[in-house]
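Take a look at the structure set out below.
The values are calculated or read from the model by the stated rules, or taken from the named source; none is laboratory data. Only a predicted model underlies this, so the values are computations on that prediction, with no experimental measurement involved. In this analysis, Cβ positions are derived from the backbone assuming ideal geometry, glycine residues included, and neighbour counts consider all displayed protein chains.
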Amino acid sequence: MAYKNPQQKFQGKIKEVVLGEGLKLGGESVLPFYSFDGDIGNTPKVGMEVWDIPPVDWPEGLMNIIKDVADDPAKWAKFYTEKYNPDFITLRFIGANPDTLNRSPEECAEIAKKVAKNVDVPLVIAGCDSNEKNARIFTKVAEALPNKNYAFLSAVEGNYKEVGAAVGLAYGNLVVAESSVDLNLAKQLNILLTQLGVKPERMLMNPGVSSVGYGFEYVITTLDRIKLAALEQNDTILQVPIIMPVSFETWKVKESVASKEDAPEWGDREERGIAMEVSTAVGVLTAGANAVILRHPRSLDVVRGFINEMVN
């Protein structure tokens with residue numbers, strides 16, 4: 001008798017959410033890349049990170065790539081889309097941080113409008129380190145860019161009412177629910193947003209990410225538990241696509257920050273950062289992330305190549 005490969009069937013399915021005009025996330029009814037079991041949904045997407053201010057501590061090789069555009073986020077975003085073809089651009093408002101330029105929400109909105117006008121890919125809007133200020137930034141940016149299906153990273157427990165009401169209800173964009181590497185916290189925030197009136201098909205999740213080597217096993221097991229609850233237990237609250245800002249974490253750890261002079265045995269700083277970014281991205285993609293945010297163009301090439309190998 002010929003061997004027949006057994007298939008693992010699930011009751012649940014991750015909702016399909018559209019970012020921008022047509023970038024589809026989610027839609028899978030099996031575990032990540034398990035095409036032999038069923039429908040893997042939409043191919044995971046990869047975005048690139050753009051700041052509203054020129055970086056000062058990025059590796060020299062990366063700074064050389066963006067040196068002619070780093071002082072203008074609209075030009076920077078256009079350069080990335082034309083040269084590297086990311087699925088989306090993440091516009092991160094580092095300049096709104098009170099410790100940097102302390103940009104006003106109104107200034108951020110004007111910058112976001114210019115970036116949106118200059119690129120033909122969807123945007124993910126990310127704030128600064130202040131959740132309180134992020135709520136005001138997101139409100140103004142969503143108001144300036146209504147009904148775009150852009151994703152706002154993120155709504156957290158401390159600001160979800162303001163972010164959810166403005167981004168998801170008033171101005172027709174997507175709300176990203178961010179929690180701290182815990183299935184129950186992730187589920188609770190999703191419940192709170194839906195009780196506020198945000199529809200699940202207007203939501204994404206960021207259940208928390210860290211760099212490899214920094215509690216990463218908790219990130220992976222949390223992703224595993226979320227996906228299994230959504231698919232195996234048909235938990236509709238957790239059937240939301242996952243986006244993870246990998247670059248936000250991997251480029252701030254010591255392996256990516258320490259200079260070659262301070263740690264000569266570790267080798268080139270830029271190579272280390274790329275290795276940390278790629279390793280983290282591949283890890284979360286195989287555990288269930290539907291989209292990742294990266295910083296280095298070489299990381300984008302490697303991760304995209306990995307995804308293509310897995311789905312083809």
In the stretch 115-137, the residues that are out of contact with any Phe, Trp or Tyr (no Cβ under 7 Å at 6 or more places or on another chain), β-branched (Val, Ile, Thr) and not in a helix (DSSP H, G or I)
VAL119
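To keep it simple, each residue is scored yes or no on (1) under 21 Å from LEU153 (Cβ atoms); (2) surrounded by fewer than 17 Cβ atoms within 10 Å (Cβ to Cβ); (3) in contact with a Pro (Cβ under 6 Å, 6 or more places away or on another chain); (4) not charged (D, E, K, R).
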| position | (1), (2), (3), (4) |
| --- | --- |
| LYS24 | yes, yes, no, no |
| GLU28 | no, no, no, no |
| LEU31 | no, no, no, yes |
| ASN42 | yes, no, no, yes |
| TRP51 | yes, no, no, yes |
| GLY61 | no, yes, no, yes |
| ASP71 | no, yes, yes, no |
| TRP76 | yes, no, no, yes |
Conditions (1) on the phi > 0 side of the Ramachandran plot; (2) touching a Lys or Arg at 6+ places or on another chain (Cβ under 6 Å); number of the one not met by GLY20:
(2)
Which one of these is of a type in the set (Lys, Arg) and crowded, with 21+ Cβ neighbours inside 10 Å: ARG225, ARG202?
ARG202
For the stretch 207-222, what are the residues that are surrounded by fewer than 24 Cβ atoms within 10 Å (Cβ to Cβ) and either basic (Lys, Arg) or outside any loop (DSSP other than H, G, I, E, B) (or both)?
PHE216, GLU217, TYR218, ILE220, THR221, THR222
Report every pair of residues separated by at least 6 positions or lying on different chains whose Cβ atoms are under 6 Å apart, first residue within the stretch 250-279 and of a type in the set (Val, Ile, Thr), second at pLDDT 95 or above and not in a helix (DSSP H, G or I).
THR250/SER211; VAL253/SER211; ILE274/HIS296
